[in-house]
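Structure first, then comments.
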Amino acid sequence: MKQVLFSLFGYRFIYVGMSTRNLGRLKIGIARNVHLRWKAIDRSMKGKQFPIFSLPCFNALWFEGHLHRVMRRFNRPVKGDGGSEFFSYTNPMSWLGWIYVFCAITWAFLVTHLAIYFIISGVWCWYAGLGFIEFQKQILMMALDWIHILVSV
């Protein structure tokens, strides 16, 4: 199943990470396995490199390129594996870009995973002969009941 998602839909993790050696810069990249990718980056650079934020999304290669274009003015490459994907966050003008980057990654995650949920639940409703809207209302009511139980504990 993962291979189908990887190859057909470009399903990968978009991540933001940093380096203790290259302060004032964050890296934007994509990977199937963020942990393994950062091990490779860490081996190729001095200091300690680590991810700080990552979420999966579809069409990640295009999306990463888009984020790189948005942050192009603040590109500050470093030596090492993936070093061309580091961007400054010390410039006050870059902060708007970074807010956009984090919001866009979160938005892409929510939209793609809500689409998956609605497709799967739509197929289930069709298979079980249920009304889609009524099914979603029941799911929402169950979720609210669970939240009420968790909050009251």
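Exactly one residue among ILE119, ILE147 is assigned to a helix (DSSP H, G or I), open to solvent by less than 100 Å² (accessible area, probe 1.4 Å) and out of contact with any Cys (no Cβ under 8 Å at 6 or more places or on another chain), and that residue is ILE147.
For ALA31, are the conditions met, namely being among the aliphatic types (A, V, I, L, M) and either in contact with an Asp or Glu (Cβ under 9 Å, 6 or more places away or on another chain) or under 30 Å from GLN136 (Cα atoms) (or both)?
Details: among the aliphatic types (A, V, I, L, M): yes; either in contact with an Asp or Glu (Cβ under 9 Å, 6 or more places away or on another chain) or under 30 Å from GLN136 (Cα atoms) (or both): no.
No: the conditions fail for ALA31.
Kindly indicate whether ILE105 is loosely packed, with under 12 Cβ neighbours inside 10 Å, among the aliphatic types (A, V, I, L, M) and in a helix (DSSP H, G or I). No, not satisfied.
A single entry from ALA31, ALA104, ALA108, ALA40 fulfils the requirement of being touching a residue at least 60 places away in the same chain (Cβ under 8 Å) and not polar (S, T, N, Q): ALA108.
Could you tell me whether LYS39 is among the basic types (Lys, Arg), in contact with a helix residue (DSSP H, G or I) (Cβ under 9 Å, 6 or more places away or on another chain) and open to solvent by 60 Å² or more (accessible area, probe 1.4 Å)? Let's see the steps before the verdict.
On the way: among the basic types (Lys, Arg): yes; in contact with a helix residue (DSSP H, G or I) (Cβ under 9 Å, 6 or more places away or on another chain): no; open to solvent by 60 Å² or more (accessible area, probe 1.4 Å): yes.
Judged against the criteria, LYS39 is not a match.
Taking region 78-89 as the search range and keeping residues that are modelled with pLDDT of 90 or more and of a type outside the set (Phe, Trp, Tyr), which one is surrounded by the fewest Cβ atoms within 10 Å (Cβ to Cβ)? Among them, the one singled out is SER88. Considering region 57-76, and only residues there that are within 20 Å of MET18 (Cβ to Cβ) and outside any helix (DSSP H, G or I), the residue that is least open to solvent (accessible area, probe 1.4 Å) turns out to be MET71.
The values are calculated or read from the model by the stated rules, or taken from the named source; none is laboratory data. Here the structure is a predicted model, which means the values were calculated and not measured. No Cβ is skipped: glycine too gets one built from the backbone with ideal geometry, and neighbour counts run over all protein chains shown. In case anyone asks, the SASA skips ligands and DNA or RNA and just uses the protein heavy atoms, side chains included. Shrake-Rupley method; radii C 1.70, N 1.55, O 1.52, S 1.80 Å.
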